[in-house]
Amino acid sequence: MILYTNGDSWSFGTELDLETRSKNRYSSIISKEKNMVDFNISTSGASNDRIVRTTLRDISLIQNGKDIWSENTQNINVSLDDLYVVIGWTSPTRFEYYNEELNQWKQMRHDVEDGWGFKPGDRDYDDTKLKDRFGSIKGMYSKWLSNVLLLHHTLNSLNVKHLFFNAFYPMEDNVSKIVQEFSEIDYITNGREKWDDFDNHNDYFGLLPMWNSCPKSFKSFNSYHFLTSQQYLYDDDLIGEYKHPTEKGHELIAKKILELF
């Protein structure tokens, strides 16, 4: 069996020791426990757009008898029956676009103040128009839930076993506050008599029904909230300086995911 893991820095293992990261992140711990191959294509700063795009690409490659690739395994040939997919969904405030100049996908944040180390003068820092066009909280929430449901229903239709969880969003608030925001957005937008794009004006966003349709583990397991709720002597026993899991944090996340398997 292949443990196919996709996500952001929390699944990649950012802040773990570079030499041992691939052995100490949660996907490796689970793989060892379940005697599975650890196939992890997560990367730091990943958006949910990237998670969906790369997972669907790999599913399509497998269906067409082609190899899939990860840094750890290199090229391997598998069948869909061999897969158990684990997705650690990231913040809805991230998105990606294809940069023709660099000939690669670029991961972006809506928050102009949080530039991932970019500085004024860098294209990705200064492109506020690009960020602003994608920066509506209503649109971000809608894309977030759409991505989760799209991948969930696709994997279900192919009988691919999978488990989804929320890596950390929102960090500072309870998830119930976000659910309340969904309800408020639905209530306000549903008051319009029509929309210019001739869409359903009674339930234009439908955020709350979409949330209710998401897999239970995605709604109930936020790994950041889970770690911060544990009773340890020091906070940095489980979460590092830049708010990523430590080795001990990855061990607890792995244990929790194994309970949810």
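Residues of the range 240-260 that are of a type in the set (A, V, I, L, M, F, W, C) and within 18 Å of the chain's Cα centre (by Cα): Ile253, Ala254, Ile257, Leu260. When Gly45, Gly65, Gly13 are checked against the criterion of being on the phi > 0 side of the Ramachandran plot and in contact with a strand residue (DSSP E or B) (Cβ under 6 Å, 6 or more places away or on another chain), a single residue qualifies: Gly45. Within the range 194-203, can one find any residue that is touching a His at 6+ places or on another chain (Cβ under 9 Å), assigned to a loop (DSSP other than H, G, I, E, B) and either free of Cβ contacts under 8 Å to residues at least 24 places away in the same chain or among the basic types (Lys, Arg) (or both)? The answer is yes; a qualifying residue exists.
Residues in the range 26-46 that are closer than 16 Å to Glu247 by Cβ and among the basic types (Lys, Arg): Lys32 only.
Candidates are the residues of the range 104-130 that are closer than 30 Å to Ile59 by Cβ and among the basic types (Lys, Arg); the one that is modelled with the lowest pLDDT is Arg109. Identify, by number, the condition in (1) surrounded by 19 or more Cβ atoms within 10 Å (Cβ to Cβ); (2) closer than 25 Å to Ser11 by Cβ; (3) modelled with pLDDT of 95 or more; (4) not aromatic (Phe, Trp, Tyr) that Leu208 doesn't meet. So the condition that Leu208 fails would be (2). Scanning the range 4-59 for residues that are assigned to a loop (DSSP other than H, G, I, E, B) and under 24 Å from Trp144 (Cβ atoms) yields Asp8, Gly13, Thr14, Arg25, Ile41, Ser42, Thr43, Ser44, Gly45, Ala46, Ser47. Restricting the range 154-182 to residues that are assigned to a helix (DSSP H, G or I) and within 19 Å of Thr93 (Cα to Cα) leaves a set whose member that is modelled with the lowest pLDDT is Val175. Screening Lys219 on (1) in contact (Cβ under 8 Å) with a residue 24 or more places away in the chain; (2) farther than 17 Å from Leu163 by Cα shows it passes everything except condition (2). Selection of the range 77-113 for residues being in a loop (DSSP other than H, G, I, E, B) and of a type in the set (Asp, Glu) yields Glu100, Glu101, Asp111, Glu113. Among the residues that make up the range 238-253, is at least one of them assigned by TED's automatic domain parsing to the domain that holds Tyr141, surrounded by fewer than 14 Cβ atoms within 10 Å (Cβ to Cβ) and in a helix (DSSP H, G or I)? Checked the range 238-253: no residue is assigned by TED's automatic domain parsing to the domain that holds Tyr141, surrounded by fewer than 14 Cβ atoms within 10 Å (Cβ to Cβ) and in a helix (DSSP H, G or I).
The sole residue among Asp49, Asp58 that is of a type in the set (Asp, Glu), crowded, with 22+ Cβ neighbours inside 10 Å and at pLDDT 95 or above is Asp58.
The values are calculated or read from the model by the stated rules, or taken from the named source; none is laboratory data. These numbers come from a predicted model, not from an experiment. In this analysis, Cβ positions are derived from the backbone assuming ideal geometry, glycine residues included, and neighbour counts consider all displayed protein chains.
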